[in-house]
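Quick notes on the structure that follows.
The values are calculated or read from the model by the stated rules, or taken from the named source; none is laboratory data. The shown structure was predicted, so the numbers you read here are calculated from the model rather than taken from an experiment. FYI the Cβ positions are ideal-geometry reconstructions off the backbone, even for glycines, and counts take in every protein chain you see.
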Amino acid sequence: MIRVLGALVLLAGGAAAQPVGDAADTVFLASGARVGEVTATSAVVWTRTTAEPQRRSGQEISGRPVVTLASGVDVSALEGAVPGAAGEVRVTVRQRGDDGDARVFDWLQTAADRDFTRQVLLDGLAADTPYVVTVEARPAAPEAEATAPETVTFRTAPGPDQRRPIRFAAMTCQYYGRRDRPDGFGIYPSMAAGRPDFYLSIGDNVYYDNESPRATSVELARYHWQRMFTLPAIASFLRSVPGYWLKDDHDLLRNDSWPGIDPGISAPMTFEEGQAVFVEQTPAPERPYRTVRWGKGLQLWLVEGRDFRSPNDMPDGPGKTIWGTEQWRWLRDSLLASDADWKVLVSPTPIVGPDRSNKADNHANAAFSHEGDAIREWFRANLDDSLLVIVGDRHWQYHSVHPETGLQEFSVGPASDAHAGGTPGEDPAYHRFHRVGGGFLSVDVDWVGERPRIVLRHRGVSGRVVYEVERLGS
Ligand SMILES: [Fe+2]
């Protein structure tokens, strides 16, 4: 293995390997288009202009031992790379089945400084309404021809008083070298089969640090997103299912990271560069922590676990935090203000656990027990059992109930069976369900007569139900 220092910084931004100097004759949308951050009135469209119509093929470099690429390696030639090209994109949105009333946005430029990505906020949408989004691309030249468009569909959330059944899927931890099919992961067609309203990608969307090639530069970090999200099984899924993307350590910088951490094996890439790449490569919310309402039945809280964190190795105590003061205040205020039937807190790391005793990264670990105890106790004292927690990060599936506070937590498990493991084992004091395997969680919210109902199902990668729990509210 050849270790590289410094030189790759020169490639950051992709300028060295990508045709940005001369205006391209044609640009493409090989990175596709996707929709995220759907609310009752808005959504964000993400897309990217590319130099070629398809991802690069070639010899796959993935998994372990982790390879650090030599200086001068042409990242744009790697398997799964999708070289970008400057151009323009135009987004059109219309209600499905409504041929007349399209909203056509202006042509918008793409450029190397944002990896040729572009995001467009769709606002003023109608609640509980299906939409079709079309994205066209063309070179940044007058009268240039537009390429074949990408089309994405989604449905807006119902308004807060609307009683419409909701279904969503939640997944985490997808490791490229541990795919269970060459074109992606079996969970994607399995999730799509349920026709969810949306899905949650709860962190570790890619593995910068412990999978080859290690992301030691912005260019290599971007490459990880290119090769993962152009896998046909994922790209196809995203054409009809909108998402919410959360970040964790491996799709930010390196294992268990926090602001100010020494990048170590990931140098010269920095924590701040990792933050910027994440909001560039996913449909970005206005603020990293947010809440979204899906009708009378459901409200989600998507929390941010890296940006505001204290160093993991700081002594535990009142000043040590994962969420930070402002986020925690926002979370309490918005939870107390909610009249949703079910309140689902989505966290990239566990709050209940249990986790391995040698970990020092989450609210289930002793290293953050001061804040963890305060959070769990506040939930017990202020909320009823309409609150549920869904978490990513851990590579095994579980439903656990905190022995002292009764807080309910569902770990969705890794994206493939090959990526499962690491559990401290089944603990009867916590676990109602425990399984070392890949898959996802599907959730249904509806009503039985006047009573609100939520059904949570752990599923294997094929979609087979391995555990199911139904709760009725009052
Ligand atoms: Fe993970």
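Quick notes
- Single residue of TRP301, TRP323, TRP342, TRP330 found to be in the same structural domain as ARG435 (by TED's automatic domain parsing), within 15 Å of ASP248 (Cβ to Cβ) and of a type in the set (Phe, Trp, Tyr): TRP323
- Count of the range 375-414 residues which are acidic (Asp, Glu), away from the ligand (no atom under 16 Å from the Cβ) and closer than 14 Å to ASP355 by Cβ: 1
- The single residue among ARG309, ARG356, ARG329 that is modelled with pLDDT of 95 or more, out of contact with any helix residue (DSSP H, G or I) (no Cβ under 8 Å at 6 or more places or on another chain), of a type in the set (Lys, Arg) and surrounded by 21 or more Cβ atoms within 10 Å (Cβ to Cβ) turns out to be ARG309.
- ALA367 meets the conditions (1) within 16 Å of the ligand (Cβ to nearest atom); (2) under 19 Å from SER257 (Cβ atoms); (3) among the aliphatic types (A, V, I, L, M) in every case but one. The failed one is (1).
- Residue check, ALA235 crowded, with 24+ Cβ neighbours inside 10 Å, among the small types (Gly, Ala, Ser) and not in a loop (DSSP other than H, G, I, E, B): no
- Near pairs, Cβ below 8 angstrom, 6+ apart or cross-chain, from the range 416-435 (assigned by TED's automatic domain parsing to the domain that holds TYR176) to any residue that is of a type in the set (S, T, N, Q) and within 16 Å of the ligand (Cβ to nearest atom): SER416/GLN174; HIS419/GLN174; PHE433/GLN397; HIS434/GLN397; HIS434/THR423; ARG435/GLN397
- If you go through the range 136-155 and keep only what is in a strand (DSSP E or B) and acidic (Asp, Glu), you end up with GLU136, GLU150.
- Identity of the residue in the range 182-223, within 16 Å of the ligand (Cβ to nearest atom) and among the charged types (D, E, K, R), that ends up surrounded by the most Cβ atoms within 10 Å (Cβ to Cβ): ASP204
- Meets criteria (under 18 Å from LEU238 (Cα atoms) and either part of a loop (DSSP other than H, G, I, E, B) or charged (D, E, K, R) (or both)) for ARG163: no
- Selection of the range 159-181 for residues being over 25 Å from SER347 (Cβ atoms) and within 14 Å of the ligand (Cβ to nearest atom) yields only GLY177.
- In the range 242-258 there is at least one residue that is over 23 Å from ASP361 (Cα atoms) and either among the small types (Gly, Ala, Ser) or more than 16 Å from the ligand (Cβ to nearest atom) (or both).
- Output for the range 28-58, where each listed residue is crowded, with 24+ Cβ neighbours inside 10 Å and either hydroxyl-bearing (Ser, Thr, Tyr) or modelled with pLDDT under 95 (or both): SER31, THR47, THR49, THR50
Each row is one residue, and each column tells you yes or no for (1) farther than 17 Å from GLY243 by Cβ; (2) of a type in the set (Ser, Thr, Tyr).
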| site | (1), (2) |
| --- | --- |
| GLY80 | yes, no |
| PHE105 | yes, no |
| ALA111 | yes, no |
| TYR131 | no, yes |
| PRO139 | yes, no |
| PRO149 | yes, no |
| THR153 | no, yes |
| TYR176 | yes, yes |
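- Residue list for the range 156-199, restricted to those being among the aromatic types (Phe, Trp, Tyr) and over 30 Å from LEU125 (Cα atoms): TYR175, TYR176, PHE185
- Every condition in (1) buried (at least 20 other Cβ atoms within 10 Å of the Cβ); (2) over 17 Å from ASP204 (Cα atoms) holds for ARG287 except the one numbered (1).
- Pairs where the first residue, in the range 106-128, is at positive phi and the second is aromatic (Phe, Trp, Tyr) and not in a strand (DSSP E or B), C-beta under 9 Å, 6+ apart: ASP115/TRP225
- Candidates VAL93, VAL82, VAL89, VAL133 - the one that is β-branched (Val, Ile, Thr) and part of a loop (DSSP other than H, G, I, E, B): VAL82
- Filter result for ALA170 (at pLDDT 95 or above, in a strand (DSSP E or B) and under 17 Å from the mean Cα position of the chain (by Cα)): yes
- Residues that are over 23 Å from VAL469 (Cβ atoms) and acidic (Asp, Glu) within the range 329-388 comprise ASP333, ASP339, ASP361, GLU371, ASP373, GLU377, listed in sequence order.
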